[in-house]
Amino acid sequence: MIAIDMHVHVPRNPNLPDVEVEQSLKKYFKPTEVPKDADDMARKYKEWDILAVIFSVDTQTATGDLPDGNEYVADIVKKYPDQFIGFSTVDPWMGKSALQELENSIKNLGLKGLKLHPTHQAFQPNDILFYPLYDTCAQLGVPVLFHSGFAAAGVGMPGGGGFKLKYSAPIPGIDDIAADFPSLTIIMAHPSWPWIDEQIAVALHKPNVYLDLSGWAPRFIPQALIRETNTRLKEKVLFGSDFPYLPPDKWLREFDALEIRDGIREKVLLENATRVLKL
């Protein structure tokens, strides 16, 4: 295994209709290696010799779209345990039923973390209304992966599809949660442009906060974040591709071209994620 990809979207459940926002994502990223189905995705990751963290995002309250379902993700992991680790998703607006779904997906379905997308799910993550989700994850010992920064979802749609970027700013959202739940492992997904300095500050200040580099071709990652990856954040940065929107093999080739200090490349690609996922 050459790497752990911390950020991979499952193919849409074939029993459900497509979601409207998917077209804006494909228009923005122009993906070239979209898998036909989960079997095709597993084949690709085996060829790449990469372990992938896979998930969906439940946006039913915010968008009306039916979620893929945690059972769907868990079934993929059960079929391909050597290629995938699954994260749960819940609709944060569903209150007690979201908590029940989260507990069931971790305890009974074998998923290993929680994925949330504040912009796409239309919620302010540091609102105490959602704190029971984080408390549950802390008690279960699983990480929470939060989308952070700019969102490609809704690009070019009227009003950006109605999605509000403010929900994905690292400060106050992630910073507050990290302070209030010091035993909870938090991962900020993506370089958090236009809040890169905030993202760096939170990851430096809070021992329980990490970040992944997904969604950005390495040649475009802001230099401030590359500089910190080489120094103060060398234990905090994780590889992620955002597949199928960015293929991991191409991402890794571009990452190889960056000036990364000896020993740090291995931390980003494998060692840091191994620690976060308790592998």
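Bear in mind these aren't lab numbers, they're just calculated from the coordinates by the rules spelled out. Bear in mind the structure is a predicted one, so any value in this text is a computation, not a measurement. A quick note on method: Cβ atoms are made from the backbone with ideal geometry, for glycine too, and the neighbour counts reach across all protein chains shown.
Observations on the structure shown:
- Dimensions (Å) - the chain, Cα atoms, principal axes, largest first: 47, 41, 41
- Whole-percent P(r), segment 20-95, all Cα pairs, 5 Å bins from 0: 3, 14, 19, 21, 20, 15, 6, 1, 0.
- Rg ratio for segment 155-279: its Cα radius of gyration over 2.2 N^0.38 Å, N being its residue count, equals 1.07.
- Rounded if a/c under 1.5, otherwise prolate or oblate - segment 1-146, Cα gyration tensor axes: oblate
- When each of the peptides 6-14, 28-36, 193-201 is scored by how many other beta carbons lie within 10 Å of its residues on average, the order from highest to lowest is 6-14, 193-201, 28-36.
- Helix-only [θ]222 nm of the chain, DSSP H runs n ≥ 4, -39500 (n - 2.57) each, per residue, nearest 500: -9500 deg cm²/dmol
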